[in-house]
1. Can you run down the residue pairs with Cβ atoms below 7 Å, 6 or more apart or on separate chains, where the first is in the range 35-60 and aromatic (F, W, Y) and the partner is outside any loop (DSSP other than H, G, I, E, B) and surrounded by 10 or more Cβ atoms within 10 Å (Cβ to Cβ)?
2. For residues that are touching a residue at least 12 places away in the same chain (Cβ under 8 Å) and assigned to a helix (DSSP H, G or I), tally how many sit in the range 77-100.
Amino acid sequence: LSRRSLRLPMLLAALLNLLGITFTCGCVRESLQQHLRTPFDIWKANPIGLLLYLLSSRFLVFFACMTFLDQFALSIVRTHMVTYNSLVFGVGRTGVVLLM
């Protein structure tokens with residue numbers, strides 16, 4: 001496809017995506033029973049609503065801070081482990097993989 005045009009694969013992907021959306025909206029029935037459904041609320045369906053929900057409880061605020069710090073620490077370890085081990089221990093990339 002890309003030999004004819006570079007846009008053709010993306011247009012095909014967009015067409016398949018639209019086909020999937022129309023199939024889902026037209027053919028797939030709602031599985032949730034009528035009495036269990038809630039009306040759509042825009043304030044709960046966006047990132048601001050999620051942030052407001054996160055700030056609604058002290059536990060959730062502390063949990064979010066803990067999760068952020070945990071992921072931040074792990075990303076620092078992963079990005080700096082090779083450099084640190086090569087400088088301090090003289091170990092190359094394969095040695096770092098074995099150490100981890």
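1. W43/G49
2. The qualifying residues number 5.
Residues are listed down the side, and each one gets a yes or a no for (1) polar (S, T, N, Q); (2) open to solvent by 70 Å² or more (accessible area, probe 1.4 Å); (3) at pLDDT 90 or above:
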{"residue": "Q34", "(1), (2), (3)": "yes, yes, no"}
{"residue": "F40", "(1), (2), (3)": "no, yes, no"}
{"residue": "A45", "(1), (2), (3)": "no, no, no"}
{"residue": "Y53", "(1), (2), (3)": "no, yes, no"}
{"residue": "M66", "(1), (2), (3)": "no, yes, yes"}
{"residue": "Q71", "(1), (2), (3)": "yes, yes, yes"}
{"residue": "T83", "(1), (2), (3)": "yes, yes, no"}
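The values are calculated or read from the model by the stated rules, or taken from the named source; none is laboratory data. The shown structure was predicted, so the numbers you read here are calculated from the model rather than taken from an experiment. Ideal geometry is used to build each Cβ from the backbone, glycine not excepted, and the neighbour counts take in all protein chains shown. To get the accessible areas, we keep the full protein, side chains included, count just its heavy atoms, and leave off ligands, DNA and RNA. Shrake-Rupley method; radii C 1.70, N 1.55, O 1.52, S 1.80 Å.
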